[in-house]
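**Student:** Sharing a structure here in structure tokens format.
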Amino acid sequence: MQEDDDQMPKNPGGDGGIARIRTMKTYLTLWFNSEGAEPSVVVQKLQSMGFKPVKGHYDHVYDWKREVTIDEVLQLCNNVHQTLKGLKVLYKIETI
């Protein structure tokens, strides 16, 4: 897919390139407990929050599609915490 250069801001570095807007993502790694909720239930709850399951180092990703503040990340973390509460799931969150 080709981007329309007229719609993209120019790089202020003066090299004539296109400035890229930094987008952030929050990655979620899960550890399940055999005495807890079924993984499919946990995945469904996270998908309802906007997380997408992925293969690889992480289990889920939330694509902000923009740069975010620490307060916004903390709010998402609070929402994840409330969503997973009582399901006996351990998790790790990383935003980059």
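**Student:** Output the qualifying pairs, or none if there are none: Cβ atoms under 7 angstrom, residues six or more apart or on different chains, first residue in the range 65-78 and under 16 Å from TYR91 (Cβ atoms), second residue of a type in the set (Ser, Thr, Tyr) and surrounded by 12 or more Cβ atoms within 10 Å (Cβ to Cβ).
**Tutor:** Once the first residue is under 16 Å from TYR91 (Cβ atoms) and sits in the range 65-78, its partners that are of a type in the set (Ser, Thr, Tyr) and surrounded by 12 or more Cβ atoms within 10 Å (Cβ to Cβ) give VAL73/THR26; VAL73/THR95; LEU76/THR26; LEU76/TYR62.
**Student:** Something else: Within the range 25-63, count every residue that is of a type in the set (Lys, Arg) and part of a loop (DSSP other than H, G, I, E, B).
**Tutor:** Of the residues in the range 25-63, 1 are of a type in the set (Lys, Arg) and part of a loop (DSSP other than H, G, I, E, B).
**Student:** Does any residue of the range 32-44 turn out to be of a type in the set (D, E, K, R), surrounded by 10 or more Cβ atoms within 10 Å (Cβ to Cβ), at pLDDT 65 or above and touching a helix residue (DSSP H, G or I) at 6+ places or on another chain (Cβ under 9 Å)?
**Tutor:** Initial filter on the range 32-44 (of a type in the set (D, E, K, R)): 35, 38.
Within this subset, residues satisfying the condition of being surrounded by 10 or more Cβ atoms within 10 Å (Cβ to Cβ) are 38.
Now drop any that are not at pLDDT 65 or above, which leaves 38.
Then keep just the ones that are touching a helix residue (DSSP H, G or I) at 6+ places or on another chain (Cβ under 9 Å); that gives none.
The answer is no, given that none of the residues of the range 32-44 is of a type in the set (D, E, K, R), surrounded by 10 or more Cβ atoms within 10 Å (Cβ to Cβ), at pLDDT 65 or above and touching a helix residue (DSSP H, G or I) at 6+ places or on another chain (Cβ under 9 Å).
**Student:** Of the numbered conditions (1) under 23 Å from ILE21 (Cα atoms); (2) touching a Lys or Arg at 6+ places or on another chain (Cβ under 9 Å); (3) in a helix (DSSP H, G or I), THR83 satisfies every one except a single condition; which is it?
**Tutor:** Every condition holds for THR83 apart from (1).
**Student:** Right, something else. Answer with yes or no whether THR29 is β-branched (Val, Ile, Thr) and either modelled with pLDDT of 95 or more or in contact with a Ser or Thr (Cβ under 8 Å, 6 or more places away or on another chain) (or both).
**Tutor:** Answer is yes for this residue.
The values are calculated or read from the model by the stated rules, or taken from the named source; none is laboratory data. Computed from a predicted structure; not experimentally measured. Methodologically, a virtual Cβ is constructed for each residue, glycine included, from the backbone with ideal geometry; neighbour enumeration extends over all protein chains shown.
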